[in-house]
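Down below is the structure, laid out as structure tokens.
The values are calculated or read from the model by the stated rules, or taken from the named source; none is laboratory data. If you're wondering where the values come from, they're calculated on a predicted model, not measured in any experiment. With ideal geometry, Cβ positions are generated from the backbone for all residues, glycine too; neighbour counts draw on all protein chains shown. Heads up: the accessible areas ignore ligands, DNA and RNA and are worked out on the full protein's heavy atoms, side chains in. Shrake-Rupley method; radii C 1.70, N 1.55, O 1.52, S 1.80 Å.
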Amino acid sequence: METKSIRVAKGLERVIVDDTAISSTDSKGNLVYRGYKATELAEKKSFEEVAYLIAYGKLPKKAELHEFSSQLIKLSRLDNSTIRLLKSISGNAPKLDMLRTVISGMPLEGNDEHKALQMAARMPALIAYNVKAIKPMKSKNANYAERFYNAITGIEDKNLAKYFEKLLILYTEHEFNASTFALMVTASTLAGPQAAFTSALATLKGPLHGGANSEVLKYLLKFKSKEDAIRFVDKKLKAKEKIMGFGHRVYKIKDPRAQFVKLQLRTLSKEKGMYALVEYAEAIEEEMWNLKRIPANVDFYAAIYMYLLGIDEKFYLPIFAAARSFGWIAHYKEQVASNKLIRPDSNYIGPKGLKL
Ligand code: COA
């Protein structure tokens, strides 16, 4: 019996491919994690609480939070074969490539859920491996964000780590984005969590997805004035080139994460006495909106935010990956719990009937 296929939009734009109970977005600019507004979670909760919420479906009770936080510390330790693998990779390799390679090859223990948590828990240690001249933290009970922030900057400062934590929370989950969808495709073949995380990391790298944040910093640092910034926008648009940090498949009016980070930047830039990049960014955002009605996305303001927090640009994308890995745990579990192989149809347009 012949079955008919359905044609859907290129890039699966506005196509609903499955149900999810993890998070939701809409074009007006709402982002909800398991029923809670993501920006409210960023304001009021710790990274551990949100990671638990995303991975296990509910906010943790005190004892659950304590157990989860201790597990993250325990699982973050690197074994000898992982260290050997890390050492075998050139120090000049982009951090995300290093992360993807080690994640794909390091030994993991336990069942699939434990393996997924182990990968997520280890990401900060893998990213920070070989970061020179970082003193061990004085604080004995530092949380995930404080440890992660210290490992990549050497700074031990609760106030700055709190800013960092808010960004981690906003990067944790974003329904069927490209890297998560890649993870779902791999998970649907029953290849296991390690293969699925590797696919997700490979997909996150591109400048249309996670790679946008460091691209933003590169152009912002070239400006000497607001006028330079505006000229840059006009020139790019005239040449019909894309400006990194703008546009989104879902958010057509505002990206709630970008607006939240922008508000945080008002206080952070005051505390740091660093205003120029924020001023250029706001001018670019206004020009983009006036000329193209395209809003800034999270990566636009995240780039300045991380710069003001003293974070080296090479860590921007891996930070995104580490936070998003808790979303990947949830999507991995959701996919295999109600699995159907993800395998679309195609419309063949090549030559037919050729003879040899
Ligand atoms: N700069 C300039 N124009 C942009 C743009 C940008 N950053 N993003 C989208 N546009 C324009 C496109 O040129 C296109 O214009 P046209 O209709 O005149 O041809 C229109 O907006 C639609 O863009 P399209 O790329 O088809 O939308 P999409 O939903 O497929 O893509 C992104 C979404 C995120 C891939 C896209 O906005 C983009 O490439 N942004 C830059 C990369 C980035 O910041 N990524 C991080 C996302 S969080």
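Can you list, largest first and rounded to whole Å, the semi-axes you get for the chain by taking the square root of 5 times each eigenvalue of its Cα gyration tensor? Spell out each step's value before the answer.
Values: eigenvalues 190, 171, 83 Å².
Taking √(5λ) for each eigenvalue gives 31, 29, 20 Å, largest first.
Would you mind pulling out the separation of the Cα centroids of segment 278-337 and segment 148-192, in Å?
Comparing the Cα centres of segment 278-337 and segment 148-192, I get a distance of 11 Å.
At a Förster distance of 22 Å, what's the computed FRET efficiency of LEU291 paired with GLU313, Cβ-Cβ distance as r, to 0.05? If you can, show how the numbers build up before the last one.
Values: r = 27 Å, r/R0 = 1.25.
E(calc), rounded to 0.05, equals 0.20.
When the chain is fully extended, how far beyond the present Cα-Cα distance does LYS74 get from ASN339, taking 0.36 nm per residue of separation?
Values: separation 265, 0.36 × 265 = 95.40 nm, distance 3.08 nm.
The span from LYS74 to ASN339 would gain 92.3 nm if fully extended.
Per residue of segment 164-181, in order, report the coupling 6.51 cos²θ - 1.76 cosθ + 1.60 (Karplus, θ = phi - 60°) as ³J(HN,Hα) in whole Hz, putting x for Gly and Pro.
4, 4, 5, 5, 4, 4, 6, 8, 5, 8, 7, 5, 8, 5, 4, 5, 5, 5
Please compute the alpha carbon radius of gyration of segment 1-142, then divide it by the globular-protein estimate 2.2 N^0.38 Å. Two decimals is fine.
On the way: Rg = 19.8 Å, N = 142, 2.2 N^0.38 = 14.5 Å.
Cα Rg divided by the expected 2.2 N^0.38 Å: 1.37.
What is the pair-distance distribution P(r) of segment 144-283, computed from all Cα-Cα distances in 10 Å bins starting at 0, with each bin given as a whole percent?
Taking every Cα pair in segment 144-283, the percentages come to 10, 29, 36, 20, 5, 0.
Full-extension gain between LYS352 and LYS58, please, as 0.36 nm times their residue separation minus the C-alpha to C-alpha distance. List each step's numbers first, then the result.
Values: separation 294, 0.36 × 294 = 105.84 nm, distance 5.41 nm.
Gain on extension, LYS352 to LYS58, equals 100.4 nm.
Provide the per residue accessible area, probe 1.4 Å, for the chain, rounded to a whole number of square angstrom.
Working: 18620 Å² over 356 residues.
Using a 1.4 Å probe on heavy atoms only, each residue of the chain averages 52 Å².
Using 0.36 nm per residue of separation minus the Cα-Cα distance, give me the extension gain between ARG266 and ASN111 in nm, one decimal.
51.3 nm is the gain from fully extending ARG266 to ASN111.
Considering only protein heavy atoms and a probe of 1.4 Å, how much of the accessible area of the chain is carbon and sulfur, as a whole percent?
On the way: 9990 of 18620 Å².
Accessible surface attributable to carbon and sulfur in the chain totals 54 percent.
If N is the number of residues in segment 201-356, what value comes out of its Cα radius of gyration divided by 2.2 N^0.38 Å?
Details: Rg = 19.7 Å, N = 156, 2.2 N^0.38 = 15.0 Å.
Against the compact-globule rule of thumb, the ratio is 1.31.
Kirkwood Rh, segment 108-217, all Cα pairs: how many Å? Before the final figure, lay out each step's value.
Details: mean 1/r = 0.0634 Å⁻¹.
So the Kirkwood estimate lands at 15.8 Å.
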